[in-house]
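Step one of this worksheet: look at the structure below.
Just so you know, all these numbers are worked out from the coordinates, no wet-lab data involved. Computed from a predicted structure; not experimentally measured. Note: ideal-geometry Cβ built from the backbone for every residue, glycine included; neighbour counts use all protein chains shown.
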Amino acid sequence: MQTITSVEAYDQAIKDGVTVMLFSAEWCPDCRFIEPFMPEVEEAFKPYLTMYKVDRDQLLELCQELNVFGIPSFIAYRKGKEIMRFVSKERKTREQIETFLNRVVQVSQALEQYSQD
């Protein structure tokens, strides 16, 4: 998963298609918990969306602006607009993350269908 290191890169990454940002930090034990399975999850959803990682400590002001205080957290965008988020202070399981990403795919496909009508 590519890491976003600036607000400009963040803005560029969310501009097109369906993008999911994973907010985490090196010191976060719940973030370390999901690390082993995230490459497989990312690969499974690659046909539908692009995932990036954001280090909360490197982009603290952006996280404050986005109201991301609990990590790990996820924000999904479609063509630059937020469509969903999975933000909480609790540890996330692989099943919860995959359920969230499946909903992101469903919502983005519904929005695409709606915009074509």
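In the chain, what percentage of the DSSP-assigned beta bridges are antiparallel, given to the nearest 5? Around 55 percent of the beta bridges assigned by DSSP in the chain are antiparallel ones. The distance between label points at Y48 and Q64 comes to 3.5 nm (points 7 Å beyond Cα on the Cα→Cβ vector).
Only DSSP H runs of four or more residues enter the estimate; each adds -39500 (n - 2.57), and after division by the residues of the chain the mean residue ellipticity at 222 nm equals -13000 deg cm²/dmol.
Residues whose amide H comes within less than 5 Å of that of M51, counting only those at least five positions distant or on another chain, are V20 (H built at 1.01 Å from N in the peptide plane). Each residue of the chain gets 94 Å³ once the volume of the Cα convex hull is shared out per residue.
Computed from the C-beta positions of Y114 and F33, the FRET efficiency with R₀ = 30 Å rounds to 0.25. If you average the alpha carbon positions of the stretch 50-88 and of the stretch 93-117, how far apart do those two centres end up, in angstrom? Distance between centres, Cα-based: 17 Å. The length gained on full extension between E82 and K15, counted as 0.36 nm times the residue separation minus their Cα-Cα distance, comes to 23.1 nm. The phi torsions of the stretch 69-81, fed into the Karplus equation with coefficients 6.51, -1.76 and 1.60 and a -60° offset, translate into couplings of 10, x, 10, x, 9, 10, 10, 9, 10, 10, 6, x, 10 Hz, rounded to whole numbers, with Gly and Pro shown as x. Cys residues of the chain that find no other Cys beta carbon under 4.7 Å: C63.
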